[in-house]
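**Student:** Just passing along the structure, written as structure tokens.
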Amino acid sequence: MLNAAGTPWMPRGGGFLLDATAPGQVFTPEDFSEEHRAIARTTDEFWRNEVEPHLEAIQRQEPGAAVSVLRKSAELGLTAVLVPDRYGGMELDLASAMIVAERVARDGSYAAWHGAHSGIGTIPILLFGTEEQKQTYLPRLVSGELVGAYCLSESHAGSDALAARTRATLNAEGTHYLLNGQKMRITNGGAAGLFTVFAKIDGEQFTAFLVERGYPGLSTGAEEKKMGIKGSSTTAVYFDNVPVPVSNVLGEIGRGHVVAFNILNLGRLKLGPFAVGGAKQTLGDSLRYAKERHAFGKAIGEFGLIQHKLAEMAIRLFAAEAISYRVTGDVQLRLAGFSWDKPGAAATMMKALEEFAAECSFVKVFASEMLDYVVDEGVQIHGGYGYHQDYAVERAYRDSRINRIFEGTNEINRLLAAGILLKRSRRGQLELVEAVKKLESEIGAGKIPGEPDPVARSKKIFLLCLGVAYRRFKDTLDQEQEVLAGLSGLAMGAYAMESVTLRAARMKSAGEMARVFVQDGMAQMENTARGILAACLEGEPLRATAGVLHRFAEVELVNTIELRRRIASRLLDAGKYVVD
Amino acid sequence: MKIIVAIKQVPVRDSVLQVDASGKWIRESELSFEVNEPDAYALEEALQLKERYGGEVIALCAGPARVSQAIREALAKGADRAIHVESDDLGAADSLGIARLLASAIRSEQPDLVLTGLQSDDLGYGQTGVIMAELLGFPHSTIIMQVEAAGSSVRVKRELENGWFQWMELPLPAVLTIQSGISKLRYATLMGIKKARTKEVKRLSAAELGGLAAPVLSVEKVYLPQKTKETQMLDGTPAEAAAALVEKLRFEARVL
């Protein structure tokens, strides 16, 4: 790909903080190919014909209901979008996988079944399996004959996964490892035929194992009683001297963390389209309700405060879509010429994802918080009916909450993303120190704000705070969780604002959404940055730096009330989330 | 058996329609399109016939660049190849004009059977298939629910009114217009979508097919149905509301 000046350009992790990006350089839903759109239509049809009629049965956990829908999806190829042809998969690109994910996520419970099976249930084998393991298990996972599950969490080891206590011991003959212990909160636990289980060999070497349900000594617990996604299966899995053939060790012995952590980048990225799919459903429900429900003689959708909510739901949804597909496009650029037939293909795939690990965390955090906002306002628009189980929005509200917790809590992801950016800087992969110094000399020379574009200034806000925080805490910065999370929030804010602006630049009326998003986003960034500055400076330096910050955060004010009304009117006319 | 299926691309069913500036058609720029439903059943019938009797299924579609979506869908579902009659100005054409283009594209293929939907979801004339048969000199039958090959002829089940059916036999080549809902439509699977990449799509211009004739029939005006129903809520106690209702029935509706 070429940049705006016509020179070769390749996106790099965290690079958005330093480099200018042109509108044509980010992948957006508007760039979907005809084939992508065909995949979207097939998935939509599948949803209408096969999932929607069974939603209540899935919700009630009727035996076999979800699995039979999952198997039907497998017939259409929806469970194995990335898996190579030779194992029965579709061998399509990452964007196709994201498009499918978005469209099976309209209901949280089915999304959990589908996502856990085709993601953490299948991908570890694809990326780390030996040829024999792949041939044994992938075709059976692809067809849905085996449902996949992933066993990492334990009762006292959630975010702190490496504290797992499940043990593996090699038997005297050296043929099998004997697994002992228990895993908690395992998605698909009740129906899975194959479990990817993390255990410590001799209590030390953290290792992944492929464990079939039929192995003696394996059992699953009762369905856990959850707040939401009640139609998904979540159980404990117990291991009582379960013999696992040595050939079923997945990846290298003692390197289970490599398996566990590499899967997470893709999982976090996919949470973007999952949240987007759920949010589109709720926004559609809310738009319909706002048109139908009358109060004080008119449809409630005609009231300003309801329009504010509808517009804001759409704006955040637009932003989550923008960052999800931007990262997808960037990963794909790094995968140019990728083929599963080339040696080291799995490593290439993981490296491309790892490059954008911070951005994957941003997608996870931003999209899950977006969905929580959308379902919350969805309930509010429905008023008393939104609190009633007869309305889909009540379920969506409960189902949404888990997204901020799984795939790494949002708190862990904020810390991780900041840590990754700092690490890339230390390794010389990202010139943050140079950029901070350059900014400081610009400020010293009075060149403030020095840039008319608010998106470019949002990056300066991040750099300003990074410089100040680093001077204050130096090597102990990684102990300062609040400051790190704040920095992460600033980088995420800049990323989202830039992605929204770049996407809208190539569209007809989405620019209105971008203007609202940037104006509000800058105010939010200034607030976060003030917290960081006040934690690092005091007296005159604090006052002076806060003054600089304020200049950076300035925006040409637009009438966001009027803009939101216009955005809402268009949504209400269309009766669903459409952007142009 | 060599089967050609003529498909049309129409606005998706739940579209919010707006009349365009000319007042003679709807605004197409903001619409999404899909395969006309009866045509989707025609394609399904063709694919099932191919599965039973062997042969080839060719999708035929006329329209602007956007119809490549419909063509790809037909290929993804299992059509072997496709013909795209490229034309940007079919909106003003009538059934005869379109049937001429399609018949001209069909003639050189020398098919055994031509299938199409009994009518389109947008204009609903139900004429194109029949006129096409006439132009080709093929026998035709309409509102078909079932097709069985019998050597050099086909036996077909036609829908009549009031739940009555008619079985009849036609010599090949023939044109059949297919009824909606007669079978279960297959999906364009992801594998099918991928395979469609390499299938042949022949592009023909209207000029190559003899050109688009000036319409004999033209649309004067399209308009949204006028809403005339109005609901009034009568307030007060039941007795007061009943009295008000009687008064309205007597003096406004004049039915008492």
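**Student:** About its Cα centre, how strong a charge dipole does segment A:313-421 have in debye, to the nearest 20, once Lys and Arg get +1 and Asp and Glu get -1 at the Cβ?
**Tutor:** 240
**Student:** Above 25 Å lies some portion of the pair distances; for segment A:358-497, what is it as a whole percent of all C-alpha pairs?
**Tutor:** In whole percent, the share of Cα-Cα pairs in segment A:358-497 beyond 25 Å is 42.
**Student:** Take the alpha carbon gyration tensor of segment A:215-262, find the square roots of its eigenvalues, order them as a ≥ b ≥ c, and report rounded if a/c is under 1.5; if not, report prolate when a/b exceeds b/c, else oblate.
**Tutor:** Oblate is the answer for segment A:215-262, as a/c is 1.5 or above yet b/c matches or exceeds a/b.
**Student:** Return the tail of the calculated pair distribution for segment B:50-199, meaning the percent of Cα-Cα pairs more than 22 Å apart.
**Tutor:** 44
**Student:** Span-like helices, chain A: DSSP H, alpha-carbon axial extent 27 Å or more, mean Kyte-Doolittle 0.0 or greater, which ones?
**Tutor:** Qualifying helices: A:256-292, A:304-334, A:357-382, A:454-473, A:481-504, A:511-536.
**Student:** So for segment A:90-214: antiparallel DSSP bridges make up what percent, rounded to the nearest 5?
**Tutor:** Details: 13 of 19 bridges.
Percent antiparallel among DSSP bridges in segment A:90-214 is about 70.
**Student:** Identify the chymotrypsin sites (Phe, Trp or Tyr not before Pro) of segment B:106-191 meeting these criteria: DSSP loop state and at most 12 other C-beta atoms within 10 Å of the C-beta.
**Tutor:** B:164
**Student:** Sticking with this structure for a sec: List the relative contact order of segment A:32-143 as a percent without decimals, with contacts defined as Cα pairs under 8 Å and 6+ residues apart.
**Tutor:** 28
**Student:** Oh, and also: Could you do me a favour and compute the accessible area per residue for the protein assembly as shown, 1.4 Å probe, result in Å²?
**Tutor:** For the protein assembly as shown, the per-residue accessible area is 45 Å².
**Student:** If you don't mind, another one. Work out, step by step, the length gained on full extension between residue A:544 and residue A:411: first 0.36 nm times the residue separation, then minus their alpha carbon distance; give nm to one decimal.
**Tutor:** 44.8 nm
**Student:** Using R₀ = 35 Å, calculate the FRET efficiency as 1/(1 + (r/R₀)^6) where r is the Cβ-Cβ separation of residue B:218 and residue A:293; round to 0.05.
**Tutor:** 0.25
**Student:** Apply the a/c threshold of 1.5 to the C-alpha gyration tensor of segment A:32-143 and tell me whether it is rounded, prolate or oblate. Let's see the in-between values first.
**Tutor:** Details: a/c = 2.14, a/b = 1.27, b/c = 1.69.
Here segment A:32-143 falls in the oblate category.
**Student:** Right, another one. What's the carbon and sulfur percent of segment A:9-165's accessible surface, probe 1.4 angstrom, rounded to a whole number?
**Tutor:** Roughly 50 percent, rounded to a whole number.
**Student:** Go through A:304, A:10, A:184 and say which Cα lies farthest out towards the positive end of the charge dipole of chain A; charges sit on Cβ, +1 for Lys and Arg, -1 for Asp and Glu.
**Tutor:** Going by the Cα projections, it comes out as A:304.
**Student:** Next question. Tell me the total accessible area that A and B bury against each other, 1.4 angstrom probe, in square angstrom rounded to 100.
**Tutor:** Looking at A and B, the buried total is near 1700 Å².
**Student:** While we're looking at this one, here's another question. Once the cut-off is 34 Å, how many percent of the Cα-Cα pairs in chain B end up in the long-distance tail?
**Tutor:** For chain B, the share of Cα pairs beyond 34 Å comes to 29 percent.
**Student:** Segment A:30-53: which residues show an accessible-area loss of 40 Å² or more, assembly versus chain alone, 1.4 Å probe?
**Tutor:** A:34, A:35, A:41, A:42, A:45
**Student:** Mind checking which of B:23, B:97, B:146 is farthest towards the positive end of chain B's charge dipole, using Cβ charges of +1 (Lys, Arg) and -1 (Asp, Glu) about the Cα centre?
**Tutor:** Toward the positive end, the furthest listed residue is B:146.
**Student:** Sorted by average packing, counted as other Cβ atoms within 10 angstrom per residue and highest first, what order do A:543-556, A:353-366, A:304-317 take?
**Tutor:** Peptide ranking by packing, descending: A:353-366, A:304-317, A:543-556.
**Student:** Evaluate the Debye formula for segment A:421-563 with equal point scatterers sitting on the alpha carbons, no solvent, and hand back log10 of I(q)/I(0) at q = 0.16 Å⁻¹, in q order, two decimals.
**Tutor:** Scattering profile of segment A:421-563, log10 relative to I(0): -0.85.
**Student:** Assign one of three labels to segment A:20-88, namely rounded, prolate or oblate, based on the Cα gyration tensor with a ≥ b ≥ c the square roots of its eigenvalues; rounded applies when a/c is under 1.5, prolate when it is not and a/b is larger than b/c, and oblate otherwise.
**Tutor:** In terms of gyration-tensor shape, prolate.
**Student:** Could you work out how far the C-alpha centroid of segment B:1-40 sits from that of segment A:307-382, in angstrom?
**Tutor:** If you average the Cα positions of each part, the centres end up 33 Å apart.
**Student:** Now for a different question. Relative to the Cα centre, what is the charge dipole magnitude of segment A:400-531, using +1 at the beta carbon of each Lys and Arg, -1 at the beta carbon of each Asp and Glu, and rounding to the nearest 20 debye?
**Tutor:** In debye, rounded to 20, segment A:400-531 gives about 220.
**Student:** I'd like the distance between the alpha-carbon centres of segment B:121-198 and segment A:271-297, rounded to an integer number of Å.
**Tutor:** One Cα centre to the other: 40 Å.
**Student:** Next up: If I model segment A:302-411 as equal point scatterers sitting on the Cα atoms and use the Debye formula, what is log10 I(q)/I(0) at q = 0.11, 0.19, 0.21 Å⁻¹?
**Tutor:** Debye intensities relative to I(0), on a log10 scale: -0.50, -0.97, -1.08.
**Student:** Net charge near residue A:326: determine it from the other residues with C-beta under 10 Å of the C-beta of residue A:326, scoring Lys and Arg +1 and Asp and Glu -1.
**Tutor:** -3
**Student:** Go through segment B:44-75 and flag every residue whose accessible area shrinks by 10 Å² or more with all protein chains in place compared to the isolated chain (probe 1.4 Å).
**Tutor:** SASA drop of 10 Å² or more in segment B:44-75: B:68, B:69, B:72, B:73.
**Student:** For chain A, just list the percent of Cα-Cα distances falling in each 10 Å bin from zero outward, please.
**Tutor:** In order of increasing distance, the bins hold 3, 17, 27, 26, 18, 8, 2, 0, 0 percent.
**Student:** Based on the Cβ-Cβ distance of residue A:56 and residue A:433, what FRET efficiency does E = 1/(1 + (r/R0)^6) give at R0 = 56 Å, to the nearest 0.05? Write out the running numbers ahead of the final one.
**Tutor:** Details: r = 57 Å, r/R0 = 1.01.
Rounded to the nearest 0.05, the efficiency is 0.50.
**Student:** Now for a different question. Among the listed pairs B:227/B:248; A:298/A:576; A:459/B:194; A:72/A:230; A:270/A:423; A:280/B:77, which are separated by more than 30 Å between their Cα atoms?
**Tutor:** The pairs that break the limit, which is 30 Å between Cα atoms, are A:459/B:194.
**Student:** Between segment A:1-80 and segment B:205-254, what is the separation of their alpha carbon centroids in Å?
**Tutor:** Rounded to whole Å, the Cα centres lie 42 Å apart.
**Student:** Which parts of segment B:176-195, residue by residue, lose 40 Å² or more of accessible area when the rest of the protein chains are there, as against the chain isolated (1.4 Å probe)?
**Tutor:** Buried by the other chains: B:187, B:190, B:191, B:193, B:194.
**Student:** Can you show me the helix-derived [θ] at 222 nm for the protein assembly as shown, built from DSSP H runs with n ≥ 4 at -39,500 (n - 2.57) apiece and divided by the number of residues, rounded to the nearest 500.
**Tutor:** On the way: 25 runs with 381 residues, N = 836.
Computed ellipticity for the protein assembly as shown at 222 nm equals -15000 deg cm²/dmol.
**Student:** Given R₀ = 22 Å, what would the calculated FRET efficiency be for residue A:204 paired with residue A:347, taking r from the Cβ atoms and rounding to 0.05?
**Tutor:** 0.30
**Student:** A further question follows. Can you give me the span-like helices of chain B, meaning DSSP H runs with 18 Å or more of Cα extent along the axis and Kyte-Doolittle mean at or above -0.5?
**Tutor:** On the way: long enough: B:37-53 (24 Å, -0.99); B:238-251 (19 Å, 0.47).
Taking the DSSP H segments of chain B (at least 18 Å long, mean hydropathy at least -0.5), we get B:238-251.
**Student:** Magnitude of the Cβ-charge dipole of the protein assembly as shown, K/R +1 and D/E -1, about the Cα centre, nearest 20 debye?
**Tutor:** Computed about the Cα centre, the dipole is about 760 debye.
**Student:** Can you tell which of A:391, A:350, A:422 lies farthest toward the positive end of the dipole of segment A:332-461, using +1 and -1 charges on the Cβ of basic and acidic side chains (Lys, Arg; Asp, Glu)?
**Tutor:** Selected residue: A:422.
The values are calculated or read from the model by the stated rules, or taken from the named source; none is laboratory data. Every value quoted in this text rests on a predicted model; they were computed, and no experiment measured them. Heads up, the Cβs are rebuilt from the backbone with ideal geometry, glycines too, and the neighbour counts pull from every protein chain shown. Side chains are part of the model used for accessible areas, which takes the heavy atoms of the whole protein and leaves out ligands, DNA and RNA. Shrake-Rupley method; radii C 1.70, N 1.55, O 1.52, S 1.80 Å.
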